[in-house]
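**Q** Okay, handing you the structure first.
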Amino acid sequence: MARASRVYYRTSPDAVVVVKDDAELAVYRSTDELIETHIKGMLAKDRQDTRKVREILRSYRPSDVIRRRD
């Protein structure tokens with residue numbers, strides 16, 4: 001039998017849960033947190049600079065204040 005991989009929403013407590021091979025891999029407080037973490041991971045893997053990280057995060061979370069430290 002194939003092992004399950006999925007993402008689901010839990011309501012108590014509220015969370016977005018990532019399951020891989022039938023094991024809970026990660027739990028996020030919100031969809032935004034999951035997306036932000038995923039983007040940061042992709043950028044870290046690709047060794048992008050902090051300017052690119054800020055640019056991408058602003059497109060997903062424009063209401064957040066991301067301060068420039070250059």
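The values are calculated or read from the model by the stated rules, or taken from the named source; none is laboratory data. The model shown is predicted, which means the values in this text are computed figures rather than measured ones. Positions of Cβ are generated from backbone atoms using ideal geometry, with glycine treated the same way; all protein chains shown enter the neighbour counts. The protein model used for the area step is the full one, side chains on, heavy atoms only, and it has no ligands, DNA or RNA in it. Shrake-Rupley method; radii C 1.70, N 1.55, O 1.52, S 1.80 Å.
**Q** Can you give me the number of residues within the stretch 1-29 that are out of contact with any helix residue (DSSP H, G or I) (no Cβ under 9 Å at 6 or more places or on another chain), surrounded by 12 or more Cβ atoms within 10 Å (Cβ to Cβ) and small (Gly, Ala, Ser)? Before you say what the answer is, go through the steps one by one.
**A** Initial filter on the stretch 1-29 (out of contact with any helix residue (DSSP H, G or I) (no Cβ under 9 Å at 6 or more places or on another chain)): 1-6, 8, 10-15, 17, 19-25, 27, 29.
Filter once more, so that each one left must be surrounded by 12 or more Cβ atoms within 10 Å (Cβ to Cβ): 5, 15, 17, 19-20, 27.
Going one step further and asking which of them are small (Gly, Ala, Ser), we end up with 5, 15.
Result for the stretch 1-29: 2.
**Q** Need pairs with beta-carbon distance below 7 Å; first residue more than 13 Å from TYR28 (Cα to Cα) and within the stretch 1-14, second open to solvent by less than 100 Å² (accessible area, probe 1.4 Å) and assigned to a strand (DSSP E or B); sequence gap 6+ or separate chains.
**A** ALA4/VAL19; SER5/VAL19; ARG6/VAL19
**Q** Residue by residue through the stretch 1-24, note down the ones that are within 23 Å of LEU57 (Cα to Cα) and either part of a loop (DSSP other than H, G, I, E, B) or of a type in the set (A, V, I, L, M, F, W, C) (or both).
**A** VAL7, ALA15, VAL16, VAL17, VAL18
**Q** So the check is Cβ under 6 Å with 6+ separation or different chains; which pairs have a first residue in the stretch 46-61 that's open to solvent by less than 70 Å² (accessible area, probe 1.4 Å) and a second one that's assigned to a helix (DSSP H, G or I) and modelled with pLDDT of 75 or more?
**A** Partner pairs satisfying both residue conditions: ILE56/ILE39.
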